[in-house]
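The values are calculated or read from the model by the stated rules, or taken from the named source; none is laboratory data. Just so it is clear, the structure is predicted and the values come from calculations on it, not from any experiment. Cβ coordinates were reconstructed from backbone atoms using ideal geometry, including for glycine residues, and neighbour counts include every protein chain displayed.
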């Protein structure tokens, strides 16, 4: 009787244990299904922390303003010869170009004819000093070979000048030592007379200031100048009807010298960043060449339509802007580099910022310091011990705090209730 009772009690316990196990299994299945459905409907994304850059920037159209002086002479209708090449540096007073004389082509023809006569008179002369003539011929050949390797107008002109000097020297030796000496010397003297006349008839134009030479003159040199910022306005600039990115045409009547140490770019802007800017603020400009250059806000003027005219001063890449008057560029108001994460990875709790790190399925809530934010990303870092102490944390708490580092995996759109920490 006692054994039968004991057996019934054991059966009841087994049944109860089975029921409890079944309920636990069912609950676990329900929980897993819930999590799977939640994951499908609201997937949990992860992202690795990387070093990156965020910035606040905008694209604008600007007008190039330069300190430049136009050089023009009286004989501009005769055409011009560039003594200094486009973009070449000159000192104040250096010749930069010259106008052709009225009878220049006629004089050049006569000089060429005399050169041919001198060469013909020298042919067949056997009573010359062969070593002297041979040395000069080698120098002439060397200068001619040098011409093939050069494309700079000034360097080519120097080569040609040297060649003419050697030919004249050779001619004089031939004239002094040959039987036909008096005839050759007469030709040389006649040629020198025409050369002097050619030079005296040419009008040389000198640099009005030091800087770089340009022959791209658009007649805005006295309008868009650094000493007339107060005349600038949105309507004024638009009425110039300039085309963005258009290269200024080269003039065959005049040239100019540009201050290559600095220039300015004026732009009309509507952004809040521009409206909050102050004179003296430092920004970065990105040109169409992808050069990023430092700039300073030199001038500000509010416009009638509540936009603002901003004039930026730059000291780099000035030479790259000499071909243009109206350009497109980017204004980078600020740029910040560090541990870059999506803003959606941050959760806020009691006024502090956290991220949730996933390390091998173990989720940790980690306190972070937000350094800079853009629309979608932010740069974060760990708080220092000193900063945490000033925030009221005990040393024991600080010692146990986890920190983020590069390549950590963090959760997008995390929930604090899911953090196991």
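Here are the numbers for this structure:
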item	result
Region 277-291: number of residues that are surrounded by fewer than 15 Cβ atoms within 10 Å (Cβ to Cβ) and touching a strand residue (DSSP E or B) at 6+ places or on another chain (Cβ under 9 Å)	6
Odd one out for residue 260, checked against (1) part of a loop (DSSP other than H, G, I, E, B); (2) farther than 14 Å from residue 66 by Cβ; (3) touching a helix residue (DSSP H, G or I) at 6+ places or on another chain (Cβ under 6 Å)	(2)
Cross-chain or 6+ apart pairs with Cβ under 7 Å, region 406-418 first and at pLDDT below 85, then surrounded by fewer than 13 Cβ atoms within 10 Å (Cβ to Cβ)	416/349
Odd one out for residue 337, checked against (1) more than 12 Å from residue 49 (Cβ to Cβ); (2) in a loop (DSSP other than H, G, I, E, B); (3) touching a residue at least 60 places away in the same chain (Cβ under 8 Å)	(2)
Test for residue 199: is it modelled with pLDDT under 95, within 30 Å of residue 78 (Cβ to Cβ) and exposed (fewer than 13 other Cβ atoms within 10 Å of the Cβ)	yes
Residues (in contact (Cβ under 8 Å) with a residue 24 or more places away in the chain and assigned to a strand (DSSP E or B)) located in region 340-353	340, 341, 342, 347, 349, 353
Residue 304 outside the structural domain of residue 383 (by TED's automatic domain parsing) and surrounded by fewer than 16 Cβ atoms within 10 Å (Cβ to Cβ)	yes
Candidates 343, 313 - the one that is assigned by TED's automatic domain parsing to the domain that holds residue 64, surrounded by fewer than 19 Cβ atoms within 10 Å (Cβ to Cβ) and in contact with a strand residue (DSSP E or B) (Cβ under 9 Å, 6 or more places away or on another chain)	313
Members of region 231-247 found to be loosely packed, with under 13 Cβ neighbours inside 10 Å and free of Cβ contacts under 8 Å to residues at least 12 places away in the same chain, listed by number	231, 235, 238, 239, 241
Qualifying residue in region 379-393 (condition: more than 30 Å from residue 267 (Cβ to Cβ), in a loop (DSSP other than H, G, I, E, B), in contact (Cβ under 8 Å) with a residue 24 or more places away in the chain and not assigned by TED's automatic domain parsing to the domain that holds residue 243)	no
